[in-house]
């Protein structure tokens, strides 16, 4: 029992440390074939950087060839300016994107902004320097006065601020676009806590 309590404390501590990170996944909206392919897995973690800053960490966890080559932010009230763009090995992005708007975004309802507040894409060679499976990119923004991490999460949840991806180098050289879902994905620590809760319930029933 003591060992079980220790495990609970460790997991809950991990959840506390990560509580400011909210993770969202993406849905492909312009190609039904790829929209249902479970091998594709793209996420963004929204991170509270404190002092009027927020970070967006993009990750590609797909099991097949794919490269996030551009990111777009449909926002005009929260984000003030880019503070930093950083990435892991093999990823290189710069501010600005070509095309300048999310491909297929005009077909969304409401349409994705033609001129997003911010966009960035990978340097040439495009797919090689994009976010390939196992790689990540982080963009940190300064927020407008009076805005904070909670404001960002609130607007993402309400779909009044949206994030789009252009994904290339899919099998058969396909490319697609995706937009963030508004329901957050449980963090690993949260999943562990939920799983542990189930184990505790089973343990109690067997006592």
Just one of the numbered conditions (1) more than 14 Å from the chain's Cα centre (by Cα); (2) surrounded by 16 or more Cβ atoms within 10 Å (Cβ to Cβ) is not true of residue 146; which one? (2)
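Table: residues versus (1) buried (at least 21 other Cβ atoms within 10 Å of the Cβ); (2) touching a helix residue (DSSP H, G or I) at 6+ places or on another chain (Cβ under 6 Å).
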| residue | (1), (2) |
| --- | --- |
| 38 | no, no |
| 60 | yes, no |
| 72 | yes, no |
| 77 | no, no |
| 81 | no, no |
| 96 | no, no |
| 108 | no, no |
| 112 | yes, yes |
| 122 | yes, no |
Do we find that residue 58 is under 22 Å from residue 183 (Cα atoms) and touching a strand residue (DSSP E or B) at 6+ places or on another chain (Cβ under 7 Å) in this structure? yes
Among the residues of region 178-201, count how many are closer than 19 Å to residue 47 by Cα, modelled with pLDDT under 50 and either out of contact with any helix residue (DSSP H, G or I) (no Cβ under 8 Å at 6 or more places or on another chain) or surrounded by fewer than 13 Cβ atoms within 10 Å (Cβ to Cβ) (or both). 1
Single residue of region 43-52 satisfying the filter (out of contact with any helix residue (DSSP H, G or I) (no Cβ under 9 Å at 6 or more places or on another chain) and within 22 Å of residue 183 (Cα to Cα)) that is surrounded by the fewest Cβ atoms within 10 Å (Cβ to Cβ): 43
Looking at region 135-149, can you tell me whether even one residue there is modelled with pLDDT of 95 or more, assigned to a loop (DSSP other than H, G, I, E, B) and either under 25 Å from residue 175 (Cβ atoms) or in contact with a helix residue (DSSP H, G or I) (Cβ under 8 Å, 6 or more places away or on another chain) (or both)? yes
Tally the residues that are under 16 Å from the mean Cα position of the chain (by Cα) and either surrounded by fewer than 19 Cβ atoms within 10 Å (Cβ to Cβ) or part of a loop (DSSP other than H, G, I, E, B) (or both), restricting the search to region 161-177. 1
Please go through (1) at pLDDT below 95; (2) out of contact with any strand residue (DSSP E or B) (no Cβ under 7 Å at 6 or more places or on another chain) for residue 118 and return the number of the only condition it doesn't satisfy. (2)
Of the conditions (1) at pLDDT 95 or above; (2) not in a strand (DSSP E or B), residue 26 fails just one. Which one is it? (2)
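The values are calculated or read from the model by the stated rules, or taken from the named source; none is laboratory data. Not measured: the values here are computed from a predicted model. Note that we place each Cβ from the backbone using ideal geometry, even for glycine, and neighbour counts take in every protein chain shown.
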